[in-house]
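One structure is given here, and the rest of the page talks about it.
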There are 2 protein chains.
Amino acid sequence: MDDLYTILVLVLGLVGIVFAFVQSLLIGRKDEGTPAMKDIASHIREGAEAFLNRELRTITVVAAVLAVLIALSVGWTQAVSFIVGVISSALAGYVGILTSVKANVRTTAEAMKGGIKPAFNLAFRGGTVMGMFVVGIALFGISGLYWLFGNPLLMVGYMFGASLVSLMVRVGGGIFTKGADVGADMVGKVEVGIPEDDPRNPGVIADNVGDNVGDCAGMGADLFETYAVTLVSAMLLGKLLPSVFSVYGNAGIQLPLLIGGIAIITTIVGIPFVKLTSGWIMGAFYKGLAVTAVVSIIGYYLVIRYVMAGALGLLVSSVIGIAVMVMMYIFAEFFTSYQFNPVRDIAKKSETGAGTNIISGLANGHKATIVPVLVIVTAILGVFLSNGVNLYDISSGSFYIGIYGIAIAATAMMSLAGMVVSIDTFGPITDNAGGIAEMANLDEKIRAQATDPLDAVGNITKATTKAYAIASAALAALSLFVVFDVEMPSSVVNGLLLFNPLVVAGLFIGAMVPFLFTSYLLNAVGVAAYGVVEEIRRQFREIKGIMEGKAKPDYAACVDITTKVALKQLALPAIIATGGPLLVGFILGPLALSGYMFGAIITGFPVAIWMTTGGAAWDNAKKYIEKGNFGGKGSEAHKASVVGDTVGDATKDTAGPSVNPLIKVIITISVLFVPLILMFHLL
Amino acid sequence: MDDLYTILVLVLGLVGIVFAFVQSLLIGRKDEGTPAMKDIASHIREGAEAFLNRELRTITVVAAVLAVLIALSVGWTQAVSFIVGVISSALAGYVGILTSVKANVRTTAEAMKGGIKPAFNLAFRGGTVMGMFVVGIALFGISGLYWLFGNPLLMVGYMFGASLVSLMVRVGGGIFTKGADVGADMVGKVEVGIPEDDPRNPGVIADNVGDNVGDCAGMGADLFETYAVTLVSAMLLGKLLPSVFSVYGNAGIQLPLLIGGIAIITTIVGIPFVKLTSGWIMGAFYKGLAVTAVVSIIGYYLVIRYVMAGALGLLVSSVIGIAVMVMMYIFAEFFTSYQFNPVRDIAKKSETGAGTNIISGLANGHKATIVPVLVIVTAILGVFLSNGVNLYDISSGSFYIGIYGIAIAATAMMSLAGMVVSIDTFGPITDNAGGIAEMANLDEKIRAQATDPLDAVGNITKATTKAYAIASAALAALSLFVVFDVEMPSSVVNGLLLFNPLVVAGLFIGAMVPFLFTSYLLNAVGVAAYGVVEEIRRQFREIKGIMEGKAKPDYAACVDITTKVALKQLALPAIIATGGPLLVGFILGPLALSGYMFGAIITGFPVAIWMTTGGAAWDNAKKYIEKGNFGGKGSEAHKASVVGDTVGDATKDTAGPSVNPLIKVIITISVLFVPLILMFHLL
């Protein structure tokens, strides 16, 4: 049975990849528009590829060194596993880029010919390439490794590899995108006085490249990692706790794989339901999501019935996981859409200046944390209770059924990643499409009536996806933590008391890490922007005739300088993420490391939520004012809202979303090195 | 022996109060300056008293209701204890106000006559009134209650009363001060174009009243509460764990009292050493602090030798406590003084606009968290190790010696509060003195050469005191948590495992609370400012001749409206602070409540640090630019830095410092109600 299931899932993973490939071919058939559009698109494509190639070189070096270290310290299988994780994660990012630079210009062309509906369809099709590829490659890799090794414990390296690359792509891309954006605006809009996306600005291609490397590659690698870590942690629990499951020995390992496999099919079923039938763009997405979710639940019921002897608690767990996803969508839309009070309130506060805009946005972001936290807590307790766990005696076997339920809830939630990523990637594609329309001097209507309304929705879906990713991270982290526990001798585990000084020390340090980590990312945006500004100024000074449109700026040089700065700024955050747990582990020992992990999760969660949600709210508050409210464009309120938008860009696109891979790197590296840490630690 | 020691400490508490009283009399003898100065000072005094009286009425109502509830649920002794705590905390705030409104105008007069040195002396003397009164009244109340009840367990109500009032005074004062400040500036500087502290601005008195109610009353009540909670938690541990101490049964209870008593004398010894001999104002403070610290350590050695049979580990603990204080001073000065890179970097980033100023300040605040966290962690582990605790077997008795060591470290640290508060209160007094000089149209030199340099140092000492308070809160919270534990049956305590779902749920919710709580405070500043703006606009409209100086504005009306708004905005944060732990406790039970407390502490600590330190850095970055750097006053960089200053005002004076009493209210109310929660909880 075991091999049969594994091969089935392997095939379903391939189905996802093939589906993505076919969608990509269909996109390629579409028209690329005018020669000017083609020219611009090729610049963006070249820039994006240049960035990614250089980043992949950096990743290769780091990964090679780490692979050797892992092989020497914890064995060669984990090293192989690690390399597969690295390659898959990088592939997810790479495909994300390739798709979006292909779909962006064609979306512009569709908008030019047929308006918002065909543009929507093409952009969403671009999204599905990314979405299905991410889940397909993950499922393929995971089932392949399991088939090869027969033991999920040997796949910890895979999780770490996926997390590490995701961190690097997220952080590097995040710094690049905002550095280029802020830098291009600072010289273009402020100093020279030309509009955004004006082709005379040497930084304009870098800015559009940024949308691809940050929002597509970064998000793709991030969601791939989240998906992979979630699935493998569930498999790990299934492996470590076989006695609590009934049908056959490896059922607990297969269930997460089968859930992922089913969702490949249900996502393909749901995709055609995403159709723009009214003005409510989010509505189209909700329809596709609802169909996928409902069909998935039926599929989960069947699998749980036959593979897990109908353990109803697990079915409830999977439904809770999907409910969490739904709640995150509703939550993020409420706190970031200008149709609701939070964003309108920030817009109103902008009337009294940038100071009150910032205070209000910060307050809004902080307040937003309450919903995801209560959702997660309710989900955690709900899963345990529905699996019949006695919460006052967690030494009994029932606790493990509960924690496995958490892992299944997270898996069910993440199994819909194919759809969620499809919806998300749609955003940066339309953003880019709008930029191309502007740069190619197309009719203003194309932006106003097609790409801009789609782009505004992109802001909401981006915030949603980040909330979704970090919420699943909280659940997955909890299950991985138990894996970490099971690896330790029971004498150590029994010492994991909340008031143990070592645990307390770990909690304090861990809770500080998201602050320290984001501080470097926030600053890095400034450093990168400064580098771009210098280069743009140099070009305006040295290349005569740019402003008159007689000479072409050197776009590639801007991309190159941003790439260099972004990769350089990546070093310190990456060292904090990987070095922190090892330092704490080898110096303060396993108890402190446990506290460290928990501290990082429980603080990282609200920090990520406030930064991503608050940032999107600042952005949309500006957009709300630009629609003519509180004085509209050019008013004092608008100027104040631009300040909030700048701050929000750094929090929502660079610092905030990097917290999810940060947490994953911390936990996976800890799980990987815990045998070594148990042997050697100072205290 | 027990009574003898208690009476000795009671007398030493009285000595502190008498010393404060004498200093206050000496200040009263000084000249109040010109009639205009007297007039302005009386307006400020009346406004401050009006605010405090109204706030005390609110406190009386809330306290009366709670006292009845406590009497009915946990017994009348705790209710009496609670009332004593409430009254003492309110007294500390009240005396703070009375002193500062007396010292402010006299400091101006001294500056007028003799320049910076006599002004420094008088302002510091004003500080000592507050400093010695805070520690005197605390020590008097604590030893008095212990003499009366003979049992520190009956003093949990006292701690809760102190914390609650501190929270209300801190929050209420914090909202008042920034609401008045921002509101007065918004109409005065921006709309009407008159300088800061111009007597024609109807909000100018409210602004100066705010400095007193926020920085003096708020800080006084806060430090009183921190001092009281720290001492009583140490006594509680001494009571609960008598078997681990050697000399006599109650030695563990007496040691904290004696440490406090000794510090009264050593602070009086240290005060004369605070003398301005060079241009380095912080140097004068460091001298006084150093003398007090060294003499105190000698005193602690003697007490520990005779009362605790020379338990050297405890002496080391007390030295570690004092070392933490020293580190907090160095840390806060580095991150908030414009002599060092962090502030200069924010100033430099202001050149590229308000957005980069905000991002840089946020990054700086986030980064600052690393130092206090590492200091606290090192202190915690250092105390345990120096007391010979086996960190992998905390069920042994040695653990309790260690946790008592933590309590003693915190007590030693807080015992110097007399000196720290003296240094801190000096700041708002000189701030007010500068304002009076401006309003009374005195020679500009008085501000430039005397009060302004003193005020700039005040920004640093304010940040220091807040870091000091929150650091001691972290230590005290840890000891109180163990008290909470000891109150629970061991079956529950043994379930306090880090990965218990209830503990995890509590951790997640608790970690979110500092974000939720500060979100209301940040918004409240805006609401209060808006109320002030409306009133000032009304006066300019309805009272003819204000701008020409022919008619006097109605200062009292502005004070009144700010008071009303501030007290109204106080309700929700107070409900979150008190209601949160009760809800979690009665619904999710004691395990979740434990997690909740820890979550709030480990997240509240970095949130408080970034907000207070980051805020002070924004403020001083503006001051650095105003000194002529990066374009000086009126430049684009200056405009950007004003935005940062506005945001920093809300974080450093309202939201950030309220986190300390928030944590204390959460823990003390939990300890108070844990017997009830153990009996009734839903899960």
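Scanning the stretch A:1-44 for residues that are out of contact with any helix residue (DSSP H, G or I) (no Cβ under 6 Å at 6 or more places or on another chain), over 30 Å from residue A:141 (Cβ atoms) and among the charged types (D, E, K, R) returns A:38, A:39.
Being open to solvent by less than 50 Å² (accessible area, probe 1.4 Å) and over 30 Å from residue A:676 (Cβ atoms): is that true of residue A:59 here? So residue A:59 fails the test. Residues that are more than 10 Å from chain B (Cβ to nearest Cβ) and within 19 Å of residue A:162 (Cα to Cα) within the stretch A:577-599 comprise A:577, A:578, A:579, A:580, A:581, A:582, listed in sequence order.
Which one of A:165, A:156 is in contact (Cβ under 8 Å) with a residue 60 or more places away in the chain and under 22 Å from residue A:514 (Cβ atoms)?
Numbers: A:156 fails: under 22 Å from residue A:514 (Cβ atoms).
Of A:165, A:156, the one residue that is in contact (Cβ under 8 Å) with a residue 60 or more places away in the chain and under 22 Å from residue A:514 (Cβ atoms) is A:165.
Tell me yes or no: at least one residue of the stretch B:23-40 is within 22 Å of the chain's Cα centre (by Cα), at negative phi and of a type in the set (A, V, I, L, M). No, because not a single residue in the stretch B:23-40 is within 22 Å of the chain's Cα centre (by Cα), at negative phi and of a type in the set (A, V, I, L, M).
Counting only residues that are under 25 Å from the mean Cα position of the chain (by Cα) and either facing chain A (nearest Cβ under 10 Å) or open to solvent by 10 Å² or more (accessible area, probe 1.4 Å) (or both), the stretch B:480-497 holds 3 of them.
The sole residue among B:288, B:283, B:321 that is open to solvent by 10 Å² or more (accessible area, probe 1.4 Å) and either farther than 21 Å from residue B:122 by Cα or part of a helix (DSSP H, G or I) (or both) is B:283. Counting just the residues of the stretch A:498-538 that are within 9 Å of chain B (Cβ to nearest Cβ) and open to solvent by 10 Å² or more (accessible area, probe 1.4 Å), which one comes out farthest from residue B:507 (Cα to Cα)? The residue in question is A:530.
Could you tell me whether residue B:647 is more than 15 Å from the chain's Cα centre (by Cα), under 17 Å from residue B:363 (Cα atoms) and of a type in the set (Val, Ile, Thr)? I'd like the intermediate steps shown before the answer.
Details: more than 15 Å from the chain's Cα centre (by Cα): yes; under 17 Å from residue B:363 (Cα atoms): yes; of a type in the set (Val, Ile, Thr): yes.
The answer is yes for residue B:647.
Does any residue of the stretch B:291-304 turn out to be farther than 30 Å from residue B:263 by Cβ, open to solvent by 10 Å² or more (accessible area, probe 1.4 Å) and more than 14 Å from chain A (Cβ to nearest Cβ)? No; the residues of the stretch B:291-304 include none that is farther than 30 Å from residue B:263 by Cβ, open to solvent by 10 Å² or more (accessible area, probe 1.4 Å) and more than 14 Å from chain A (Cβ to nearest Cβ). Given the conditions (1) touching a Phe, Trp or Tyr at 6+ places or on another chain (Cβ under 6 Å); (2) in a helix (DSSP H, G or I); (3) open to solvent by 10 Å² or more (accessible area, probe 1.4 Å), and given that residue B:276 satisfies all but one, which numbered condition is not satisfied? Among (1) touching a Phe, Trp or Tyr at 6+ places or on another chain (Cβ under 6 Å); (2) in a helix (DSSP H, G or I); (3) open to solvent by 10 Å² or more (accessible area, probe 1.4 Å), residue B:276 violates only (2). Quick one: in the stretch B:92-109, which of the residues that are open to solvent by 10 Å² or more (accessible area, probe 1.4 Å) and at pLDDT 90 or above is nearest to residue B:275 (Cα to Cα)? Step by step, filter the stretch B:92-109, then rank; the result is B:106.
Considering every residue within the stretch A:607-615, establish whether at least one is within 14 Å of chain B (Cβ to nearest Cβ), out of contact with any Asp or Glu (no Cβ under 8 Å at 6 or more places or on another chain), in contact (Cβ under 8 Å) with a residue 40 or more places away in the chain and under 27 Å from residue A:236 (Cα atoms).
Applying the first criterion (within 14 Å of chain B (Cβ to nearest Cβ)) to the stretch A:607-615 yields A:607-615.
With the extra rule that they be out of contact with any Asp or Glu (no Cβ under 8 Å at 6 or more places or on another chain), the set shrinks to A:607-614.
Add one more test, that the residue is in contact (Cβ under 8 Å) with a residue 40 or more places away in the chain, and what stays is A:607-614.
After this cut, where a residue has to be under 27 Å from residue A:236 (Cα atoms) as well, the list is A:608.
Yes, some residue in the stretch A:607-615 is within 14 Å of chain B (Cβ to nearest Cβ), out of contact with any Asp or Glu (no Cβ under 8 Å at 6 or more places or on another chain), in contact (Cβ under 8 Å) with a residue 40 or more places away in the chain and under 27 Å from residue A:236 (Cα atoms).
Within the stretch A:626-638, the set of residues being out of contact with any Asp or Glu (no Cβ under 9 Å at 6 or more places or on another chain) and within 18 Å of residue A:355 (Cα to Cα) comprises just one member, A:634. When the test is whether a residue is touching a Phe, Trp or Tyr at 6+ places or on another chain (Cβ under 9 Å), more than 10 Å from chain A (Cβ to nearest Cβ) and open to solvent by less than 10 Å² (accessible area, probe 1.4 Å), residue B:603 does not pass it.
When A:155, A:186, A:112, A:130 are checked against the criterion of being at pLDDT below 95, of a type in the set (A, V, I, L, M, F, W, C) and under 30 Å from residue A:70 (Cα atoms), a single residue qualifies: A:155.
Go through the stretch B:631-670 and give me each residue that's within 30 Å of residue B:79 (Cβ to Cβ) and either away from chain A (no Cβ under 14 Å) or surrounded by fewer than 18 Cβ atoms within 10 Å (Cβ to Cβ) (or both).
Filtering the stretch B:631-670 for residues within 30 Å of residue B:79 (Cβ to Cβ) gives B:657-670.
Once the filter is applied, which keeps residues that are within 30 Å of residue B:79 (Cβ to Cβ) and either away from chain A (no Cβ under 14 Å) or surrounded by fewer than 18 Cβ atoms within 10 Å (Cβ to Cβ) (or both), the stretch B:631-670 yields B:657, B:660, B:661, B:664, B:665, B:666, B:668, B:669.
Scanning the stretch A:552-590 for residues that are open to solvent by 30 Å² or more (accessible area, probe 1.4 Å), under 28 Å from residue A:52 (Cβ atoms) and more than 26 Å from the chain's Cα centre (by Cα) yields A:552, A:554, A:556.
State whether one or more residues within the stretch B:242-257 are of a type in the set (A, V, I, L, M) and within 21 Å of residue B:421 (Cα to Cα).
yes
Within the stretch A:16-37, not a single residue is acidic (Asp, Glu) and surrounded by 23 or more Cβ atoms within 10 Å (Cβ to Cβ). Kindly evaluate residue B:367 against the criterion of being modelled with pLDDT of 95 or more and either under 21 Å from residue B:455 (Cα atoms) or among the basic types (Lys, Arg) (or both). Taking the combined requirement at face value, the residue satisfies it.
Please specify each residue of the stretch A:354-386 satisfying the condition of being among the polar types (S, T, N, Q) and surrounded by fewer than 24 Cβ atoms within 10 Å (Cβ to Cβ).
First pass over the stretch A:354-386, keeping only residues among the polar types (S, T, N, Q): A:356-357, A:360, A:364, A:369, A:378, A:386.
Result: A:378, A:386.
Can you name the number of the only condition in (1) touching a residue at least 60 places away in the same chain (Cβ under 8 Å); (2) more than 9 Å from chain A (Cβ to nearest Cβ) that residue B:628 fails? Only one criterion in (1) touching a residue at least 60 places away in the same chain (Cβ under 8 Å); (2) more than 9 Å from chain A (Cβ to nearest Cβ) is unmet by residue B:628, namely (1).
The values are calculated or read from the model by the stated rules, or taken from the named source; none is laboratory data. These numbers come from a predicted model, not from an experiment. Cβ coordinates were reconstructed from backbone atoms using ideal geometry, including for glycine residues, and neighbour counts include every protein chain displayed. The area values use the complete protein model at the heavy-atom level, side chains included, leaving out ligands, DNA and RNA. Shrake-Rupley method; radii C 1.70, N 1.55, O 1.52, S 1.80 Å.
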